[in-house]
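> Structure below; questions to follow.
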Amino acid sequence: MKLRFRIKRRDAHSSDGGTLAKGSDYEQFFRYTSGRWIYNEREQMHIRYVSFDVDALKRVAATAADADRCVQMVKTAEGSFNKIFLLTFDNGKKLIAKIPCPLVAPRRLCTASEVATMDYARNILGLPVPCILSWSANADTSEVGAEYILMEHIQGVELRKRMNDFKREATHFVDQLVDVECKFTRYRFSQIGSIYYKEDVSLELQRHPLYAEGVVGGGSDRFRIGPCVDWDIWRGTRSDLAINHGPWPNTLSYIKAIVDIEKRWLSTFAVPRKPRDPFRRPENENVVDAHIRLLDNFLAVIPSMLPPDELCAPVLWHIDLHASNIFVPPEGPPDILGLIDWQGISVRPLFLQATFAACVQYEGDDRITIPPGMAAPMLPSDFESYSEKDKEYLKGQERLAVIHKYYETRVRQRNPLYFSSQTYPHIEHIIPPILGASRTWYEGMHKLRQVLLELQDAWEDIAPGTPFPVSWDTDEIARHRKAYPRLMEYEESIEKVVKALQLEGDGWVTNERYDEVRRQNKDIIRKWKSKELGGPYPFRDGGRSWFLS
């Protein structure tokens, strides 16, 4: 069972030691201060800048904490989507405040859904989710001047601080993690979308039941399914489109909606790059109609390739269970004390939702082999030839790989529906085009086209007796087959730069490394040969950025 690539990306970074504003100087609370970007930095900073009434937030929080006043407010983390603050009060209590950045869209729906989803997960599923004490989804009516969520401060430490030291206690943690995921597959919902309080959706949606027919579960009087808050269908100017964002009755209508949103965005907002633009792509890549035709080809194959109904069941799932979103005690048994970061979590088809939990996914040393099936991970065959220091390192990597395998085994044993969704035949051909359908203008058409061609090669096994529904232009496919290997080499060259400079998303680096990496990047720009390497150097101003697309 392999971890699938996710379009959704989390990039929260801890503020070094926390950022404490002095006096009335709250600008450092509003600005992004936890790192730098080596290109497009002005735009990146802009989409992460959010101002609000700090003193009003302190007053609201003091009331929620039954305190007279807030004595300290520290920015503890921030990413592309949120700023996180730790507030301490004169009665000794502590709360967490979460303020969404402008990149979150639409902030009202996202905030309302996040609060309701956390309430549902905590009180209906019985998961260790922070209790919400106060919130506002309307910046215009909030005295804070921004949407906000105030929640309890979880005791404990992030899992990432203990994970590498796990030995036998790892099984205890994994069993609890699998318990959490079993609760996600317990209930099938009536629609695909996001969870809200009943009063926060339209009267029409209030008339729909929460759960699918025949499913009995708690919360039916309090919660409903409303518009989907998946960022990919709202990002950028997509939020300006007057188009259906859900909910949807089934998987096919959901996928068609993803494509319809992207087609409408392409027709309304996509601007081809000018001929002299160094980042302009060749030939049809700059023609909107070509992208729309490719998406129509994708739509044509979807009805015949979907998994069976039980694997398309609409379920809730926390798709970002990495080691910074899970809290455990600082020592002793690693009980799960808290699960955080529920923003953007939606109800979607099981086969798209369920994914190998990132916190236990082994992606370490290639010398460690993880065989399929029930076999245990293996050290390299020449292990005895390594130095004692290297042996100790590899033994540590083997322990992490064993955690990976134990999780896989327990999922197989205890959550067979989840396991089936990940091992369904040809799932590796079915999921990528769904996740990538809204990214052709950013990534280029070659990836989606290649996936469709691979689908065609496997079509007889996927849909026996059904003709492949796409008729390709012969010249177009000939050009693609010639260009695709070259494009893959180009992407490999870019990946080498990412590793060499230790870049994170969109060229992010720590404050401490910024000047040196910036200097190294200028050297690479001077030496980069676009014709030889297959394309322009991406990490310079004007280049494509994931969060700006």
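> Can you give the charge dipole size of region 155-241 about its Cα centre, rounded to the nearest 20 debye, using +1 on the beta carbon of Lys and Arg and -1 on the beta carbon of Asp and Glu?
Dipole magnitude for region 155-241 comes out near 220 debye.
> A follow-up question, please. Contact order normalised by length for region 400-501, with contacts defined as Cα pairs under 8 Å and 6 or more residues apart; what percent is it?
So the answer I get is 18 percent.
> Any idea of C228's accessible area? Nearest 10 Å², probe 1.4 Å.
We get 0 Å² for C228.
> Given the options L95, Q28, L109, identify the residue whose Cα lies farthest towards the positive end of the charge dipole of the chain (+1 on Cβ of Lys, Arg; -1 on Cβ of Asp, Glu).
The listed residue farthest towards the positive side: Q28.
> For R439 and M374 in one chain, what is 0.36 nm times their gap in residues minus the Cα-Cα distance, to one decimal in nm?
19.7 nm
> Greater than 18 Å separation of Cα atoms is the criterion. Which listed pairs, K447/K531; K58/K93; K167/K405, meet it?
K447/K531
> Given R₀ = 45 Å, what would the calculated FRET efficiency be for N91 paired with E27, taking r from the Cβ atoms and rounding to 0.05?
E between N91 and E27, to the nearest 0.05, is 0.95.
> Working out 0.36 nm times the residue gap between E204 and K395, then minus their Cα-Cα distance, what length gain in nm do you get to one decimal?
Answer, rounded to one decimal: 63.0 nm.
> Given labels modelled 7 Å from the Cα in the Cβ direction, how far is it in nm from A270 to K496?
According to this spin-label approximation, the distance is 3.2 nm.
> Hey, if we sort D165, D90 by accessible area with the 1.4 Å probe, largest down, what's the order?
D165, D90
> Where the centre of each part is set by its Cα atoms, how far does region 237-313 sit from region 421-435, in angstrom?
A separation of 18 Å, based on Cα centres.
> Cut-off 20 Å, label point 7 angstrom out along Cα-to-Cβ of N284: give me the residues of region 296-337 whose amide nitrogen falls inside.
Of the residues in region 296-337, 296-302 have backbone N under 20 Å from the label point off N284.
> Where does each of E532, E504 land when they are ordered by accessible area, with a 1.4 Å probe and the largest first?
Order by accessible area, largest first: E532, E504.
> If you place +1 on the Cβ of every Lys and Arg, -1 on the Cβ of every Asp and Glu, and leave all else neutral, what size is the dipole of region 296-366 about its Cα centre, to the nearest 20 Debye?
About 300 debye.
> Now for a different question. Given a 1.4 angstrom probe, I'd like the percentage of the accessible area of the chain that is carbon and sulfur, rounded to a whole number.
49
> I would also like to ask the following. Within region 121-140, name every residue whose backbone N is under 20 Å away from a label modeled 7 Å from Cα of D179 along the Cβ vector.
Those under the cut-off are 121-131.
> Please give every one of the lysines within straight-line cross-link reach of K198, meaning a C-alpha to C-alpha distance under 24 Å, and leave out same-chain neighbours fewer than 8 residues apart.
Here the lysines satisfying the reach criterion relative to K198 are K98, K183.
> Moving to a separate point now. Please report the accessible area of I195 (heavy atoms, 1.4 Å probe, ligands and nucleic acids excluded) in Å², nearest 10.
Answer for I195: close to 0 Å² accessible.
> With n ≥ 4 as the cut-off for DSSP H runs, can you work out [θ] at 222 nm for the chain, using -39500 (n - 2.57) per run divided by the number of residues, rounded to the nearest 500?
Using -39500 (n - 2.57) per qualifying helix, the result is -12000 deg cm²/dmol.
> So, one more: HN-Hα J couplings of region 135-142 from phi, Karplus 6.51/-1.76/1.60, θ = phi - 60°, integer Hz, Gly and Pro as x?
Those phi angles translate into 6, 8, 9, 10, 5, 6, 9, 7 Hz.
> Going by accessible area, probe 1.4 Å, with all protein chains left in place, what is the ranking of T63, T33, largest first?
Accessible-area ranking of T63, T33, largest first: T63, T33.
> For region 413-546, report the accessible area per residue in Å² (1.4 Å probe, heavy atoms, rounded to an integer).
For region 413-546, the per-residue accessible area is 53 Å².
> Let me ask you something else. Once you place label points 7 Å from the Cα toward the Cβ at D296 and H172, how far apart are they in nm?
The answer from the label model is 6.0 nm.
> With θ set to phi - 60°, apply the Karplus curve 6.51 cos²θ - 1.76 cosθ + 1.60 along region 317-330 and write out the HN-Hα couplings as whole Hz, x wherever there is a Gly or Pro.
3J(HN,Hα) across region 317-330, in whole Hz: 7, 7, 8, 10, 7, 8, 6, 9, 9, 10, 10, 9, x, x.
> With charges set only on the Cβ (+1 for Lys and Arg, -1 for Asp and Glu), what does the dipole of the chain come to about its Cα centre, in debye to the nearest 20?
Dipole size: approximately 820 debye.
The values are calculated or read from the model by the stated rules, or taken from the named source; none is laboratory data. Keep in mind that what you see is a predicted model, and the values were worked out from it rather than measured. All Cβ positions, even for glycine, are placed from backbone atoms using ideal geometry, and neighbour counts span all protein chains on display. Note: accessible area is taken over every heavy atom of the protein model, side chains too, but ligands, DNA and RNA are not part of it. Shrake-Rupley method; radii C 1.70, N 1.55, O 1.52, S 1.80 Å.
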